[in-house]
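Only one structure is covered here, and it is reproduced in the block below.
The values are calculated or read from the model by the stated rules, or taken from the named source; none is laboratory data. Since the structure is predicted, the reported quantities are computational estimates derived from the model, not experimental observations. Note that we place each Cβ from the backbone using ideal geometry, even for glycine, and neighbour counts take in every protein chain shown.
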Amino acid sequence: MKPGDTVLVSPGRYTHAIAPRLSGQSDRRITYRRNGDGETFIDGGRYQAPLVFLRGKSHVTVDGFIFTGMPSEHEGTIRVIDSDEVRILNCRVGYGRERDTFFSIRAMNCRNLLIEGNVLHGAASQLHVAGTPGLVVRNNTFAMPQPNRGAGGVNCVQVFYQTETARFTNNIFYGVGPRATPQVAVYPGEYKGELLFDYNLFFSGGKKKIIEVYGEHGKLLTPGATLQEWQANSGQDAHSIHADPLFVDVKEGDFRLQAGSPAVGAGEKGVTIGALETVK
């Protein structure tokens, strides 16, 4: 692989992780993309993780894969470290009922990371980011459907130490579980980067909360147990809604939208919120 190369991967099941040896360049990205109809799996065989590993590899795009077969303990199915201008697009972590138990995507010290069009579900945290200036997270489906598990999911998203603006728009955050934890947990530390949340759809069940901001030693700074409380305390998510997104079959991991879903047309500029299409 060299800058400018694109790897087209036909539908099927593969056991090799995506881990380029070189970076792309600003005008010559390295791209891994599903090619053709059908599903393209990257399978960890219950022992291999991460399935995407980018350390010091910038200007890389990963587009259209299903990541499955992760071991029970790992530090991230997709790991991005010290890598700028990375795009994770139209992927899925976990398949059907499968549950990924730690981090779906974990990124640290990455500038202008784009997370778009992905379905992430069942992990303790679907997205864990720290020090990612210019982060954009849009049109993803984060699902934590664990109503009967004492451990349950912790957060759909964990955001640490942002030094510049990060944007979260047009996402579905679906959290059901017995733990009184927020779907999005923000830990700014000493940094003053702005977080912009809007045009998202939240659904919480059991004891799940919406978004909360924490300070030193876990002190609660901005409570957001409900969407209304979060909006009032933060000024964020002015156009967001709290509603059941009407997934086709949560139990079977089918997060497509049913006709009549409140997510349809409710996003910024009238787009549909979330990652997947509506079933006709």
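When you go through (1) at pLDDT 90 or above; (2) closer than 19 Å to GLY206 by Cβ; (3) hydroxyl-bearing (Ser, Thr, Tyr) one by one for SER125, which number turns out not to apply?
Only one criterion in (1) at pLDDT 90 or above; (2) closer than 19 Å to GLY206 by Cβ; (3) hydroxyl-bearing (Ser, Thr, Tyr) is unmet by SER125, namely (1).
Take LYS208 and tell me if it is surrounded by 20 or more Cβ atoms within 10 Å (Cβ to Cβ) and modelled with pLDDT under 95. Before the answer, list the steps.
Working: surrounded by 20 or more Cβ atoms within 10 Å (Cβ to Cβ): yes; modelled with pLDDT under 95: yes.
So LYS208 fits the description; yes.
Of the residues that sit in region 10-31 and are part of a strand (DSSP E or B) and of a type outside the set (S, T, N, Q), which one is surrounded by the most Cβ atoms within 10 Å (Cβ to Cβ)?
Narrowing region 10-31 to residues part of a strand (DSSP E or B): 12-14, 18, 25, 28, 30-31.
Subsequent filtering for residues that are of a type outside the set (S, T, N, Q) retains 12-14, 18, 28, 30.
Working: GLY12: 10, ARG13: 12, TYR14: 14, ILE18: 19, ARG28: 13, ILE30: 24.
In this case the residue turns out to be ILE30.
Name the single residue, out of those in region 102-116 being polar (S, T, N, Q) and part of a loop (DSSP other than H, G, I, E, B), that is farthest from THR31 (Cα to Cα).
Within region 102-116, the first condition is being polar (S, T, N, Q), and the residues that meet it are 104, 109, 112.
The next check asks that each one be part of a loop (DSSP other than H, G, I, E, B); those that pass are 109, 112.
Numbers: ASN109: 21, ASN112: 16 Å.
Here the residue is ASN109.
Can you tell me how many residues within region 128-162 are at pLDDT 85 or above, part of a loop (DSSP other than H, G, I, E, B) and surrounded by 24 or more Cβ atoms within 10 Å (Cβ to Cβ)?
Summing the residues that are at pLDDT 85 or above, part of a loop (DSSP other than H, G, I, E, B) and surrounded by 24 or more Cβ atoms within 10 Å (Cβ to Cβ) in region 128-162 gives 3.
Working only within region 185-202, note down all residues that are hydrophobic (A, V, I, L, M, F, W, C), within 23 Å of VAL250 (Cβ to Cβ) and modelled with pLDDT of 95 or more.
Applying the first criterion (hydrophobic (A, V, I, L, M, F, W, C)) to region 185-202 yields 185-186, 195-197, 201-202.
Remaining after also requiring within 23 Å of VAL250 (Cβ to Cβ): 185, 201-202.
Hits for region 185-202 are LEU201, PHE202.
Pull up region 233-251, narrow it to residues that are free of Cβ contacts under 8 Å to residues at least 12 places away in the same chain and either loosely packed, with under 13 Cβ neighbours inside 10 Å or closer than 17 Å to LYS208 by Cα (or both), then point me to the one that is nearest to the chain's Cα centre (by Cα). Reasoning before the result, please.
Initially, region 233-251 is screened for residues free of Cβ contacts under 8 Å to residues at least 12 places away in the same chain, giving 233, 235, 249.
Now drop any that are not either loosely packed, with under 13 Cβ neighbours inside 10 Å or closer than 17 Å to LYS208 by Cα (or both), which leaves 235, 249.
On the way: GLY235: 23, ASP249: 20 Å.
The residue in question is ASP249.
Please name all residue pairs, on different chains or six or more residues apart, with Cβ atoms under 7 Å, provided the first residue is in region 20-40 and is closer than 11 Å to ASP5 by Cβ and the second residue is modelled with pLDDT of 95 or more and of a type in the set (Lys, Arg).
PRO20/LYS57
Tally the residues that are loosely packed, with under 14 Cβ neighbours inside 10 Å and in a loop (DSSP other than H, G, I, E, B), restricting the search to region 259-280.
Pass one, region 259-280, residues loosely packed, with under 14 Cβ neighbours inside 10 Å: 259-260, 265, 269-270, 277, 279-280.
Remaining after also requiring in a loop (DSSP other than H, G, I, E, B): 259-260, 265, 277, 279-280.
Result for region 259-280: 6.
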